[in-house]
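Only the coordinates and a few stated rules stand behind these numbers; no lab work does. All figures in this text were calculated on a predicted structure; none of them were measured in a lab. Here Cβ is always computed from backbone atoms with ideal geometry, including for glycine, and neighbour counts include all displayed protein chains.
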């Protein structure tokens, strides 16, 4: 198992990550505490898709004392957005709605440029624009959502990044990210840029504002490093909510933007989406007869995972699908058909909002 | 002997630096070539204060083909400006006048913050403002001179810095700057920011413009590293002119801003300047009798060095002082008196222009 911001490989053991990264599991007490404020529990929390956290009880203490938090998450533009990317963003949009939270959304357009040989800043600029449309399409409040693009907003970010960087040695970076002496100095510095938005609103307003970061757990390492630094600069450590990875189309592995055959992109046509789901790894049996008799395995069935993680928020409907598939009443083709319909409904709506987002871009990009 | 951007220690052997750094000595053929364009040779060239270079013949080839160059130098704000700092700037101002060159002047206000424990960004912000006044006071053309302040102008600089950084590994930085695994990641990245102004005008105008960097030879290492990178990004390697260090007030060592007893600051009062010169290390003999008989040593006499390097541009007058001192005709007290007069005339004029500079600050700071 490898889980770094640049590579996720092998069977991911989430319990082991909680232990190794030193995070806490999200338990029912925490869910109840969140529900007190939100009136409901988002299906990604109910289904343990967000499964781990740091300092959520502290964040809620602060909130209950009247200290509102802001949200921070991001997207390193290096290709088109796929369904897996949407998980933390869909969830963050829900948090924004429920808590009236400001959202600072970072597009570190230098990150993948520094880490990949064959990606230019012109490429990442193009993807930044494309990826911003996907974020806007999810319905974030333009009045409360601020996009930060590293190369564009370095004028406000770099100063805070160097404050953070002063407290991080190369030894720490080497141990945390697996870098070597052959790593380039931009990649070495980069984590300070990723750490910056968690304190930027506080720095700009000259007051300490709590921060909540929903993210895929592969990104946790940046904050394992930076959370030691923030208090030295007089800032709170941010709270974090960690999500699991979305399964790729093939057996095992996560959905990966760098492997087009593993991913459903938000811009896929209905025909492409249909074809991809029809070819997706299934939890069904080799023959219809066997399937009817022994039942399928929804826990490894990729189309079912997409319903569970994103496309079917209704627990009752999801359970029926689960049970029917497991009992053999529902065949793999039928499971795929349900997924394709849900997916194409989702994509059609998303693509419509994505088109409308082109007019909104300017409202979301932060004005210094 | 130690010569790094952060420390100059011991007897500096300039011939050895030329060899070790792989630069070229400035010879009479080059001086003649420069004179063809300037009509005269600046006393800092005549007196070998600028003693070494890189690619000056290439720069003049380009100039003679009609390709104008721009100037780039800088000042890392960490304290008040002293006479030693002025050497490359006075010279650069002359180049600006003679060649009609644009000047990009960098104030890397994060550099010393990252490298010193007890310096805050608030300190460097204060010194940036103070140091800018000294640069303006030297008479640079406000229409052709652009100040870059790293934390302020990172919005245009960071993007080019990451392009450079991608081509520099930690191994290179370690070997070049003597950094270790305990060095902070901001300091490790910093050289990419110092390398940036040499290509920034070219990047902004999307055309390759030759660059000339006059600097103290302790800063050469940044460009030894970056000059390998520029061509990979499609830019020229900049030409460089290297100056020697100004002697400190005490025996041996260079004038150092971090040692107030070694330096004459541009803001010293006439009484302070007088006292410092009177206490400066002298090349005289122990007694007047001995001095009259054996003569003094102007080559180690600190007040004479200040006349030679900055305060007495007239070669004839300087030679007479040299000869009179060496023959014993001139006593150390008389040498000091000449230096004090010249120095206080210089400081009075500088301080007047420095005061006037406060109104000009805004014209010099680059507008994005």
Please compute the modelled spin-label separation between residue B:57 and residue B:349, points set 7 Å along Cα→Cβ, answer in nm with one decimal. 3.7 nm
Extension gain, residue B:269 back to residue B:126 (0.36 nm per residue minus Cα-Cα distance, nm): 49.4 nm
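For the residues A:55, A:27, B:220, what sequence is obtained by ranking on other C-beta atoms within 10 Å, fewest first?
Details: A:55 19, A:27 10, B:220 23.
Final ranking by Cβ density, sparse to dense: A:27, A:55, B:220.
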When all C-alpha to C-alpha distances in chain A are sorted into bins of 10 Å, what percent of pairs does each bin hold, rounded to whole numbers? 5, 23, 34, 25, 10, 3, 0
Distances from residue A:122 to the same residue in each other copy, label points 7 Å out along Cα→Cβ, in nm, shortest first? 4.6
Cα-based equivalent ellipsoid of segment A:242-290: semi-axis lengths in Å, sorted from largest, via gyration tensor: 22, 16, 9
Sorting check: for B:82-95, B:196-209, which peptide has the highest mean count of neighbouring beta carbons within 10 Å, and how do the rest follow? B:82-95, B:196-209
Based on the alpha-carbon gyration tensor of segment A:148-231 and its eigenvalue square roots a ≥ b ≥ c, which shape applies: rounded if a/c is under 1.5, prolate if not and a/b is larger than b/c, or oblate? prolate
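Residue by residue through B:170-178, how many Cβ atoms from other chains fall within 10 Å of the Cβ on average? Walk me through the numbers before you get to the answer.
On the way: counts 12, 4, 4, 5, 2, 1, 0, 0, 0.
Whole-number average of other-chain Cβ neighbours for B:170-178 is 3.
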Once the Cα atoms of helix A:28-38 and of chain A are each reduced to a long axis, what angle between those two axes, in degrees from 0 to 90 to the nearest 10, is obtained? 80 degrees
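How big is the antiparallel share of DSSP beta bridges in segment B:2-248, given as a percent to the nearest 5?
On the way: 9 of 25 bridges.
Around 35 percent antiparallel, to the nearest 5.
Percentage of Cα-Cα pair distances in segment B:102-172 greater than 20 Å, rounded to whole percent?
Numbers: 1077 of 2485 pairs.
Summing the P(r) tail past 20 Å for segment B:102-172 gives 43 percent.
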Cα gyration tensor shape of the protein assembly as shown, rounded if a/c is under 1.5, else prolate or oblate by comparing a/b with b/c: prolate
What does the copy distance list look like for residue B:4, label position 7 Å along Cα→Cβ, in nm and ordered from shortest? 2.8
Rg and Dmax in Å for segment B:51-176, alpha carbons only: what are they? 16.3, 49
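How high is the relative contact order of chain A? Use alpha-carbon pairs under 8 Å, at least six apart in sequence, and give a whole percent. Present the calculation step by step, with values, prior to reporting the outcome.
Details: 570 pairs, mean separation 74.9, N = 368.
Result for chain A is 20 percent.
How much length would be gained if the chain were fully extended between residue B:64 and residue B:28, taking 0.36 nm per residue of separation minus their Cα-Cα distance, in nm to one decimal? Don't skip to the end; give the middle numbers.
Working: separation 36, 0.36 × 36 = 12.96 nm, distance 1.89 nm.
Computed gain between residue B:64 and residue B:28 is 11.1 nm.
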So for R0 = 22 Å, FRET eff. of residue A:15-residue A:261 from the Cβ-Cβ r, to 0.05, ends up at 0.15
Mean separation of Cα contacts under 8 Å (at least 6 apart) over the residue count of segment B:268-355, i.e. the relative contact order in percent, is 34 percent
Inter-copy label distances at residue B:141 (7 Å, Cα→Cβ; nm, one decimal): 5.4
Part-to-part distance (alpha-carbon centres) for segment A:151-215 and segment A:244-258, which is given in Å: 28 Å
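Kindly provide the helix-only [θ] at 222 nm of chain B, computed as the sum of -39,500 (n - 2.57) over DSSP H runs of four or more divided by all residues, to the nearest 500 deg cm²/dmol?
Details: 18 runs with 183 residues, N = 368.
Roughly -14500 deg cm²/dmol at 222 nm, from the helical runs in chain B.
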So for segment B:1-138, averaging the separation of alpha carbon pairs under 8 Å that are six or more residues apart and normalising by length, what relative contact order in percent results? 21 percent
